[in-house]
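Undergrad: Attaching a single structure in structure tokens format; questions to follow.
The values are calculated or read from the model by the stated rules, or taken from the named source; none is laboratory data. Computed from a prediction, not measured in an experiment: that's the story for all the values here. Positions of Cβ are generated from backbone atoms using ideal geometry, with glycine treated the same way; all protein chains shown enter the neighbour counts. With ligands, DNA and RNA removed, areas are computed over all heavy atoms of the protein, side chains included. Shrake-Rupley method; radii C 1.70, N 1.55, O 1.52, S 1.80 Å.
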Amino acid sequence: MSGNGGFLESVNRMVDRAFGTMTGLPPGLANQIKVTNSVYRVQFPAELRGEIRVFTGWRAVHSEHRLPVKGGIRYAPVVSQQEVEALAALMSYKCAIVDVPFGGSKGGLVIDPADYQPNELRTITQRFAYELAKKGYISPSENVPAPDMGTGEREMAWIADAYRMNFPHDINAIACVTGKPVSQGGIAGRTEATGRGVQYALQEFFRNADDVREAGLSGTLSVKRVVIQGLGNVGYHAARFLRDEDDVRIIAIAERDGAVYSANGLDVEAVYDFLCRTGGVKSCPDAEFIEDGRKALELECDILIPAALENQVTAANAENIRAPLIVEAANGPVSFEADQILSRRGKFILPDAYVNAGGVTVSYFEWVKNVSHIRFGRLDRRLEENRGQQVIKIVEEMTGRKIPDHLAGPLREGPREIDLVRSGLEDTMRIAYNQIRDVRRARKNVPDMRTAAFVLAIEKIATAYLELGIGH
């Protein structure tokens, strides 16, 4: 399976497989849950370099069982309506799995950001934002974009600025988009949130000894050999956190121009710096170069983390995947046919709709911060500091001994915004993992974690629709 149309078909076939294990849904509700509610296609002009250029973009709304709907905007030359619809659908299921009260949406613009200067990108971005906003496809109460491939906090700040200019009386205007710079209403920890969520998902997997054994692994996350495809925002942060905090060995990193390999583990920062300076990984020092980057997916390792594009593991290479555990940090990296092959071969897959939900989870925190008009920790940080100081005082008076600074220090410091964000994200990822696991363990006709994740999402979305009176 290949192409963006194949991506949408792949998502729908995986969802249909989950529907096939379920009974009791009212007639027609399954179709309402599965289909895209609306797609807005826009073509707009921008005057650049003395000529008029026309750009094409989309914003898809998959499900409005919760409002606002939520999903990123990606900039890429190969964006298509089918890809945007597939990503919007995954957003609906993703939000339901992690109990984020949003529906699913996604946007895309056919553009290669590398072809334009920052001032040109700002003009294009703000015009695109205006076209979407005037039809209600950007709004703090209806549709809230976020960064995706080819976009970042810079573009989100531009979108927020365009929305404020066109809707100056909207008191919640700053909440029209998430993933903004902290100085522009963003939240600490959003940039690395998806990569951090990948780490928390893996940590929770290794807390469940039965799942570890089923995957053919043993022990803890420490010293496990990891192959990562894609060293963008998600892959870089996941690799860095896993190496620095969980002591894994990142033995291979695949990028667009090939892959680098070292049996003893790669220096993630060194590879990332080289990639940023040169645009690729070829000739990266202290590493073996593999010209066909996708061959790195087939290396012998403990954990494979595809963190790049969709349809990277297909029927063409699924038989060659040796990793016993596949952690889908990208959206749709495994096609439907490949998923069937990998399952038949006994591979344990942590699905994308769960694994990469860290971004939307922290985006939710940012949105809540924006609509509440108060930063996290403002009301209670000093209270927590005072309580910690009281605990220190009581213990020292009762024991007659001074608590060492390295133990007393954390008690004296109240939680910062980043601490609260990480705590909330870890809690979200741990609870969601165990909810998915419970569905799989309790239902004999649910064969794997992916199907269990979709069943969990469908049931939550169906409940929302039924409570709204749809389906009765």
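Undergrad: Test of the criteria: in segment 1-79, which trypsin sites (Lys or Arg not before Pro) are in a DSSP loop and have at most 16 other Cβ atoms within 10 angstrom of their Cβ?
TA: Answer by residue number: R49.
Undergrad: Could you bin all the Cα-Cα distances of segment 76-183 into 10 Å bins starting at 0 and give me the percent of pairs in each, rounded to whole numbers?
TA: In order of increasing distance, the bins hold 14, 46, 34, 6 percent.
Undergrad: Okay, moving on. Rounded, prolate or oblate: which fits segment 373-417 when a ≥ b ≥ c are the square roots of the eigenvalues of the alpha-carbon gyration tensor, with rounded for a/c under 1.5 and prolate only if a/b beats b/c?
TA: Details: a/c = 6.91, a/b = 2.53, b/c = 2.74.
It comes out oblate by the Cα gyration axes.
Undergrad: Please state the Cα pair-distance histogram of segment 82-142 with 5 angstrom bins from zero: what percent is in each bin?
TA: Reading upward from the zero bin: 4, 15, 19, 19, 19, 14, 8, 2.
Undergrad: Counting only Cα, what are the radius of gyration and maximum Cα-Cα distance Dmax of segment 328-463, in Å?
TA: Every Cα atom of segment 328-463 included, Rg and Dmax give 21.7, 67 Å.
Undergrad: Counting pairs on different chains as well as pairs 8 or more places apart, how many Lys pairs in segment 91-234 have Cα atoms under 28 Å apart?
TA: For segment 91-234, qualifying lysine pairs total 10.
Undergrad: To continue, here is another question. Restricting to DSSP loop positions (anything but H, G, I, E, B) with no more than 15 other Cβ atoms inside 10 Å of their own Cβ, which trypsin sites (Lys or Arg not before Pro) remain in segment 388-472?
TA: When the trypsin sites (Lys or Arg not before Pro) of segment 388-472 are filtered for loop state and at most 15 Cβ neighbours within 10 Å, R401, K402, R416, R443, K444 remain.
Undergrad: Let me ask something else. Normalised by the empirical 2.2 N^0.38 Å for globular proteins, what value does the Cα Rg of segment 380-454 take?
TA: Expressed relative to 2.2 N^0.38 Å, the Cα Rg reads 1.82.
Undergrad: Within segment 203-335, what percent of beta bridges assigned by DSSP are antiparallel, to the nearest 5? Please list the in-between numbers first.
TA: Numbers: 7 of 19 bridges.
Counting only bridges with both partners in segment 203-335, antiparallel ones make up about 35 percent.
Undergrad: What accessible surface, in Å², does a 1.4 Å probe find on E291, ignoring ligands, DNA and RNA and rounding to the nearest 10?
TA: Accessible surface of E291 is approximately 150 Å².
Undergrad: Can I ask one more? Roughly how large, in nm² to one decimal, is the mean projection of the convex hull of the alpha-carbon atoms in segment 199-337?
TA: That works out to 7.7 nm², a quarter of the Cα hull's surface.
Undergrad: Per Stokes-Einstein, at 20 °C and 1.002 mPa s, what whole-number D in µm² s⁻¹ belongs to segment 163-207, with the Kirkwood radius over Cα pairs as the hydrodynamic radius?
TA: 169 µm²/s
Undergrad: If I model a spin label at N317 and N264 as a point 7 Å from the Cα along the Cα→Cβ vector, what separation in nanometres do I get?
TA: Taking the two extended label points, one gets 2.8 nm.
Undergrad: Just to verify a number: what accessible area does H406 come out at with the full protein assembly present, 1.4 Å probe, Å² rounded to tens?
TA: H406 has an accessible surface of roughly 140 Å² with all protein chains in place.
Undergrad: While we're looking at this one, here's another question. Where both residues lie in the chain, what percent of DSSP beta bridges are antiparallel, nearest 5? Display every interim value, and only then the final one.
TA: Working: 25 of 51 bridges.
Antiparallel: roughly 50 percent of the beta bridges in the chain.
Undergrad: Answer rounded, prolate or oblate for the chain, using the Cα gyration tensor with square roots of eigenvalues a ≥ b ≥ c: rounded when a/c is under 1.5, else prolate when a/b is larger than b/c, else oblate.
TA: Since a/c stays below 1.5, the shape of the chain is classed as rounded.
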